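Shown next, in structure tokens, is the structure this report addresses.
The values are calculated or read from the model by the stated rules, or taken from the named source; none is laboratory data. Owing to the predicted nature of the structure, the values given are computational and were not obtained by experimental measurement. Glycine gets a Cβ as well: all are built from the backbone with ideal geometry, and neighbour counts include every protein chain shown.
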């Protein structure tokens with residue numbers, strides 16, 4: 001289980017102290033939620049990346065779907081009484097599910113039964129996205145994934161008992177996603193975000209939140225509206241001459257109940273990754289991940305990856321003053 005710590009916001013006169021649990025993508029467009037069962041599946045902190053990538057495996061012929069069942073396909077988190085009530089309500093809504101498998105990926109789809117074409121197109125895109133994510137991290141390709149697709153975001157949130165701003169969730173080897181009317185059947189932004197979390201988890205579990213969430217957002221296909229909201233928050237940080245302390249972006253964001261607080265945390269995380277790349281070059285993210293894999297101190301991550309003796313919050317804010325527009329990636 002992740003270490004808990006204080007999360008301090010200093011925007012204007014507002015200061016909120018929040019506690020960490022696990023991380024995820026905000027609804028405005030998610031995350032690693034360790035549990036005892038999940039932790040056992042996580043790679044050791046010193047696990048090194050497998051160098052050298054191969055091409056994605058050839059597409060296999062569609063396998064027949066497993067029989068429909070109403071039994072839960074995923075274990076319910078053991079949380080508070082209020083969470084258990086949410087899970088009970090969600091269970092009644094989830095209904096039947098169908099299972100599809102290909103190329104090492106398992107898809108469990110709740111609610112309306114997808115066509116074979118839709119199901120296998122989603123699996124194929126997940127595999128291709130996993131290869132793309134690995135090319136960013138420099139680590140092994142993670143195709144041993146399980147995709148759980150819910151009828152809607154409300155069902156997903158109630159079943160997992162996650163904050164209302166959660167758009168999707170990654171835990172262990174599972175991507176929890178909500179159905180979308182657009183191809184490939186789920187939000188492509190969410191699929192890419194959570195797949196990057198999966199790729200990072202192949203390397204180490206010592207990645208600070210700002211790097212984990214920043215890289216996941218940079219890997220997304222962000223909407224224009226999302227970029228505009230992030231620009232407004234960047235301008236707010238610059239205007240108020242404030243920031244979230246780097247040390248407060250080391251743990252997870254799961255206990256942030258307020259959507260605005262969550263979006264601010266995600267905004268600075270993405271901006272810090274852009275700062276890292278601008279100062280350290282395109283290879284800085286991979287260099288930062290390898291530093292952590294080799295046992296480097298997360299608190300010294302920016303200095304190491306950028307090649308500077310010291311990097312402060314003031315250095316970051318001075319940089320942000322001239323970079324209020326999010327980099328499209």
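Quick notes on this structure:
- Verdict on residue 312 being surrounded by fewer than 18 Cβ atoms within 10 Å (Cβ to Cβ) and touching a strand residue (DSSP E or B) at 6+ places or on another chain (Cβ under 8 Å): no
- Scan of the stretch 187-206 for residues that are assigned to a loop (DSSP other than H, G, I, E, B) and out of contact with any strand residue (DSSP E or B) (no Cβ under 9 Å at 6 or more places or on another chain), ordered by number: 202, 203, 204, 206
- Single condition residue 103 does not satisfy, out of (1) over 18 Å from the mean Cα position of the chain (by Cα); (2) under 25 Å from residue 288 (Cα atoms): (2)
- Listing of helices (runs of 4 or more DSSP H) fully contained in the stretch 227-329 that carry 2 or more residues being touching a helix residue (DSSP H, G or I) at 6+ places or on another chain (Cβ under 7 Å) and either within 14 Å of residue 215 (Cβ to Cβ) or modelled with pLDDT under 95 (or both): 259-280, 284-293, 301-306
- Here residue 120 clears all of (1) touching a helix residue (DSSP H, G or I) at 6+ places or on another chain (Cβ under 8 Å); (2) at pLDDT 95 or above; (3) more than 26 Å from residue 204 (Cα to Cα) except the condition numbered (1).
- The one condition in (1) outside any loop (DSSP other than H, G, I, E, B); (2) buried (at least 19 other Cβ atoms within 10 Å of the Cβ); (3) in contact with a helix residue (DSSP H, G or I) (Cβ under 8 Å, 6 or more places away or on another chain) that residue 127 fails to fulfil: (3)
- Qualifying position, being touching a helix residue (DSSP H, G or I) at 6+ places or on another chain (Cβ under 7 Å), over 22 Å from residue 286 (Cβ atoms) and surrounded by fewer than 23 Cβ atoms within 10 Å (Cβ to Cβ), among 180, 155: 155
- In the stretch 207-226, the residues that are surrounded by 20 or more Cβ atoms within 10 Å (Cβ to Cβ) and part of a helix (DSSP H, G or I): 209, 210, 211, 212, 213, 214, 215, 216, 217, 218, 219, 226
- Options 49, 75; residue that is at pLDDT below 55, closer than 21 Å to residue 131 by Cα, part of a loop (DSSP other than H, G, I, E, B) and under 24 Å from the mean Cα position of the chain (by Cα): 49
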